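Every number here is computed from the coordinates shown, using simple stated rules; none is lab data. In this text the structure is predicted, and so the values were computed from the model without any measurement. With ideal geometry, Cβ positions are generated from the backbone for all residues, glycine too; neighbour counts draw on all protein chains shown.
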Amino acid sequence: QVQLVESGGGLVQPGGSLRLSCVASGSIFSIYTMAWYRQPPGKQRELVAAFRTSGATNYADAVKERFTISRDNAKNTLYLQMNSLKPEDTAVYYCFATLSEAAMARAVERWGQGTLVTVSS
């Protein structure tokens, strides 16, 4: 069973920075899209940024120019560098991946357990 484990969340002041990491482990044949989602308190989960198999990336309008998604395929690791953080960035951040666990196997979706980011003075 593949697991996604996030780390790097915490409390930060407005204007500060955090770097989230997500490591995929287990029986992995190939990872396709990886992405970060977030769920603010009392709101629905939303896409923050995605890193496609092609290498293309896309961002939510609210985080463009402030957040950067990157990926280390050799380490099966996804990162999210978050700069100029705002109180409205407060949320549980989730790692997401589509992957296959064996050759010829269909792609499946996996989620991490989430890491809390709180932006407050």
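Worth pointing out:
- Evaluated on the stretch 25-93, the Kirkwood hydrodynamic radius is 13.0 Å, with distances taken between all distinct Cα atoms.
- Counting only lysines at least 8 places from K86 when in the same chain, those with an alpha carbon closer than 23 Å to its own are K43, K64.
- Percent of Cα pairs exceeding the 23 Å cut-off, where the set is the chain: 27
- Computed over neighbours whose Cβ is under 9 Å from that of M82, the net charge equals +1, Lys and Arg +1, Asp and Glu -1.
- Among the GluC sites (Glu not before Pro) in the stretch 1-109, those placed in a DSSP loop whose Cβ has at most 13 other Cβ atoms within 10 Å are E65.
- Taking trypsin sites (Lys or Arg not before Pro) across the stretch 38-89, the ones in a DSSP loop with at most 11 further Cβ atoms lying within 10 angstrom of their Cβ are K43, K64.
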